[in-house]
Every structure is written in C-alpha cells, then in structure tokens.
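The values are calculated or read from the model by the stated rules, or taken from the named source; none is laboratory data. Owing to the predicted nature of the structure, the values given are computational and were not obtained by experimental measurement. Using ideal geometry, Cβ is built from the backbone for each residue, glycine included, and neighbour counts are taken over all protein chains shown. Only protein heavy atoms, including side chains, enter the accessible area calculation; ligands, DNA and RNA are left aside. Shrake-Rupley method; radii C 1.70, N 1.55, O 1.52, S 1.80 Å.
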Amino acid sequence: MKQSIVDEILISREMKNEKTVALVRFVLFSITSIMDSLSYLGWIKYTIVTPSLVTVTLDFIFLIFASIVLPVVTFLPYKHYLKFFTITIDYFIIGLMIYLDPTIQKENGLIYFIAMTSAIFIYQFNLLRHSKIGTIFGAFIAFVYFLVISIGLGEGYPFDLIPMMIGFGMILAVGYVTTVSNIEMVKEANAKQMMERYLPSQLVSEFYKNKVQLEPGGENKEVTILFSDIRSFTKFAEQRSAEEVVQFLNEYLSRMTDVIFRFNGTIDKFIGDAIMTIFGAPIKRDDDALRAVKSAVSMIRELEKLNLRMNSPVDKLEVGIGIHTGEAIVGNIGSDRRLDYTVIGDNVNLASRIEGLTKHYNCPILISESTFKQVDGKYSLEDGFEIREIDQVIVKGKSKPITVYEVICLAT
C-alpha cells in the first residue's frame, strides 16, 4: 500500500528528529563527561559533591554509546525500530548512573524526586521524535523506570508515592496529546495548503468549521461550470518574450483568481491562459449559478482595468466566457501519486463548447438555458448586467439544439 504525501512528510520528519535526538544526546554526554572529568581532577568545582572515578567512568561509557548511535542514525538507512532501542537504553543508562554513582544523593526521600525528574526529562527529550508509537512506548518505559528506581532505591514505601504517580501519569498523557496534536497540525496544514490552491480562504475556513473532508473518489452533483479563455492569445504570445508572457499570465491569472474567490468559486485548473471554475462544489449553495454569472461580469471588468494599465490599443485583450449548469462527477480524481479536485462529465464538455461559441457570436459571455433558468428573476440592472436570448445551436457532440443566452455587461 502506497503512503500518502503527509505520511511521507511525517516519516521524513521522524528521521530528521531521530538525528536531532542523537546529536543532543551526544552533546549532553560530552558536556557531562568533560565537566565531571575536570571536577574529578580538581581543576573546576561546579557541584557540592565532587565526582568520583565511578562517575567519570560511567560518563565515558555513556558517551561511547552516544558516539555509536549518532553515526548510525546519521549515515545508515533509517529503521523505525531503532527508536525503541534508544529509548530503552536512555532510561537504562540514567537508571544505571543513579544506581552506581555514589555522588547522587538518595537519602531522605530525595530519590523519589530524582526518579521523577529524570524520567520526565528523558520522556520530554524523546518527544522530539514526534512519533505517536514512540511516545506511547516512551511513556510506558518512563513509568516502569520511575517505579523501579523509586521502590528499588527508596527507603520504604513513601506516603506520597501515589500522588506522585498520578501527577507523573498526567505529564505523560500531556506529552502524548502534544505529539498527536503536532502530527494532526502537520496534516491539517498540508490539507489547507492544498485546498487554498483552488478554494477561497472563507470556504477553507468553512470546511474546518463544518469538519468537511475532501475524500478520494467522486459524487454526482449539480454544479455550475465556468470556462474562460483569452482570445488570440497565441498571437499575443508570439510577439513577446517568454519572460513577458509568463509575467503577464501571472498577473492576469492572479486578478482573475481574486475575482473568482470573491464569489466563492472553486478553481478547478489553469489550462494555459484558460481557467476552469466550479460553483457548487465542494459546498453547494442556492445561488451558485448567479454567483458564476456575477463572477464572469467582474472578470470582464477586471480585464478592462488590465487593458487600461497596459495602455496599448493594439494589445487590447478580450476573453470568452461560457457558463453551464448541470450534473457532473465531482471529487478527488487521479492516480495514487497525484489527485486533483475536479469535475468530469458531459456537462463539463458542454460548458467548454459554449465558451467556444463566444467567438462565433462575438460576445464575451454566453450561458446555457439551464443556467439562465436558475438566475432568471434573481438579478436586476443594479447588478451591472442584462441577459438576452441569442440563439439555438447544436454543439459538437450533441444531437439536439440548446438555447444560449448572452450576458451583457452594462456601463458603470
């Protein structure tokens, strides 16, 4: 079974974090070994109890372990089971140090706090992996470690051991919740970033508010499809360098995207200078067709502004926009490696054919009869456009004629 891109990101992050853990472990043991050695030799004094030869020996044994693990996780292929080994060894090493090091104070119940503090430190240290199974395993080992050290080295059964265990358990639980939250945050951030490529931000927010999911697969639903295309763009591009064409397209598509998002449209794809937009998916509303028409009118007005900025009558650009309402299959469609949120079906082709008719009738916006029926009576001249029937035509792939209507942009 192939992994999703999010899973691959999390695995890659776990690999990097395992290297970070190994590096931090090596640095900590290196500093501890140096400081204890200098204190043992009498060159510095940084603790109340001077480290003994046993302390220094243990330091260097642990440093050797850290020195072995660091190149293993850095240069060898990453193995998931390695974290279980290193987590166990971390607790074993610290437990061995507490047990053998004569400089560690164990009297007067101090061992219980040393056991809890060291267990929490190692547990938090291992949270750097951001692995749910690693966190669960680390919590289990931490609890076992705490009980073994407390009961094994403690002076009898302390009165406050039960409250300490409850508090310790709460800390472990918080660590697990933090790890899960971080993983979910990565997944949500990745999903939101993908959705914002074709959805306006307000729709993305509504997705999370209503806990809507873009699952693989598709469903049959009524949508309004808008196709727009720049006329004679090939000639326009031939007269310019590739850099100028790309710069213009970026500005043009950015302006059109802002307009489409203003009316809560979903950008299906860019096809060169053409734009395919969906209204009614992933979230359907009663005014999908009307918003599509208003979006088309605003796109024409935005192009007029762009033409004025270019200030060249020869280079004045025009677009053709076709809009059709009907049922189509909507959903995440594609391969295991790449999915696109798109619509497919005969009605999508019809919307494209209607856009092509704008050249024949020399008008910027044409809509189908099904779209007209959904907007009829729902607009006024104050909306800045009027609609009139223009013709009945038989488009390619259809045997029966369809009625098309022109959307006339009124002067503002």
- Query: Where nothing but the Cβ of Lys and Arg (+1) and of Asp and Glu (-1) is charged, how large is the charge dipole of region 5-70 around its Cα centre, in debye to the nearest 20?
  - Reply: 220 debye
- Note on the structure: The percentage of the accessible area of region 224-329 (probe 1.4 Å, all protein chains present) made up of carbon and sulfur atoms, to the nearest whole number, is 51 percent
- Taking only C-alpha positions in region 68-159, Rg and Dmax in angstrom work out to 14.8, 49
- Cα-based reach from Lys79 at 29 Å (exclusive), listing lysines while leaving out same-chain residues under 8 positions away: Lys2, Lys16, Lys19, Lys132, Lys187
- Item | Average accessible surface area per residue within the chain, 1.4 Å rolling probe, Å² | 54 Å²
- Note on the structure: Rg (one decimal) and Dmax (whole number) from the Cα set of region 253-412, in Å, equal 15.8, 49
- Note on the structure: Expressed as a percent, the accessible surface of region 1-114 that is carbon or sulfur, using a 1.4 Å probe and the full set of protein chains, is 74 percent
- Query: If contacts are Cα pairs under 8 angstrom and at least 6 residues apart, what is the relative contact order of the chain in percent?
  - Reply: 12 percent
- Can you give me the span-like helices of the chain, meaning DSSP H runs with 20 Å or more of Cα extent along the axis and Kyte-Doolittle mean at or above 1.6? 53-75, 82-100, 132-153
- Query: (1) 24.7, 85; (2) 33.5, 101; (3) 19.9, 56: which one is Rg and Dmax of the Cα atoms in Å as calculated from this entry?
  - Reply: (2)
- Message: Can you give me the orientation-averaged projected area of the convex hull built on the Cα atoms of region 236-320, in nm²?
- Response: 5.7 nm²
- Note on the structure: Counting only protein heavy atoms and leaving out ligands, DNA and RNA, the solvent-accessible surface of His360 at a 1.4 Å probe, in Å² to the nearest 10, equals 140 Å²
- Would you work out which of Ser67, Thr50, Leu381 lies farthest towards the positive end of the dipole of the chain, given +1 charges on the beta-carbon of Lys and Arg and -1 on that of Asp and Glu, about the Cα centre? Ser67
- Message: Taking the alpha-carbon distance from Lys396 and a cut-off under 18 Å, which aspartates and glutamates remain once sequence neighbours fewer than 8 residues away in the same chain are dropped?
- Response: Asp346, Glu355, Glu369
- Query: Going by average Cβ neighbours within 10 Å, how do the peptides 29-41, 372-384 rank, with the highest at the top?
  - Reply: 29-41, 372-384
- Task: With a ≥ b ≥ c taken as the square roots of the eigenvalues of the C-alpha gyration tensor of region 325-398, please select rounded if a/c is under 1.5 and otherwise prolate if a/b is larger than b/c or oblate if it is not?
- Result: prolate
- Leaving out same-chain residues fewer than 8 places away, which lysines sit with a Cα under 26 Å from that of Lys305? Lys235, Lys269, Lys294, Lys316, Lys359
